[in-house]
């Protein structure tokens, strides 16, 4: 069954993608939830026009995301955390603390865009976080967790 996605669906595709899925998945899940529509000839023509109009806007977003990616990869964050003598942190460092540290460096990044290995860090040391800026544009930010 061919469908057109009306929104981004994780592990499936992005908005306005024309994809093929099993009939049951399309009819019973994607279409009733408003995530997709059937790819009829009329809908394909509408999709083609929308894609044509959005191409110019996307080029601008991609350029901005690439510039932000280069700037973020030069940043080295330092995140303070209370810790014991063995190097274990009381609590953990997660995407929220990284987003706050980036905000102090004048980068406005949503915490949901930040992916930390293992979701949280529980020891002092140097780590890397992956930030999803746009569809296939990811920046890696290095940060250090140090004891207060």
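The values are calculated or read from the model by the stated rules, or taken from the named source; none is laboratory data. Predicted model, so just to flag it, every value in this text is computed and none were measured. Cβ: placed from backbone, ideal geometry, glycine included. Neighbour counts: every protein chain shown.
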Checklist outcome for this item: In the stretch 123-139, anything closer than 13 Å to residue 95 by Cα and surrounded by fewer than 16 Cβ atoms within 10 Å (Cβ to Cβ) is listed as 128, 130
Item to check | Selection status of residue 85, in the same structural domain as residue 20 (by TED's automatic domain parsing) and exposed (fewer than 11 other Cβ atoms within 10 Å of the Cβ) | outcome: no
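Yes or no, residue by residue, for (1) part of a helix (DSSP H, G or I); (2) farther than 26 Å from residue 10 by Cα:
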residue	(1), (2)
68	yes, no
78	no, yes
86	no, yes
96	yes, no
99	yes, no
106	no, yes
109	no, no
138	no, no
144	no, yes
Next on the checklist: Can you find a residue that is assigned to a loop (DSSP other than H, G, I, E, B), exposed (fewer than 12 other Cβ atoms within 10 Å of the Cβ) and not assigned by TED's automatic domain parsing to the domain that holds residue 138 anywhere in the stretch 35-57?
Outcome noted: yes
Checklist entry - Cβ-Cβ below 7 Å, separation at least six or inter-chain, first residue in the stretch 96-108 and in the same structural domain as residue 76 (by TED's automatic domain parsing) and surrounded by 19 or more Cβ atoms within 10 Å (Cβ to Cβ), second assigned to a helix (DSSP H, G or I) and at pLDDT below 90: which pairs? => result 99/111
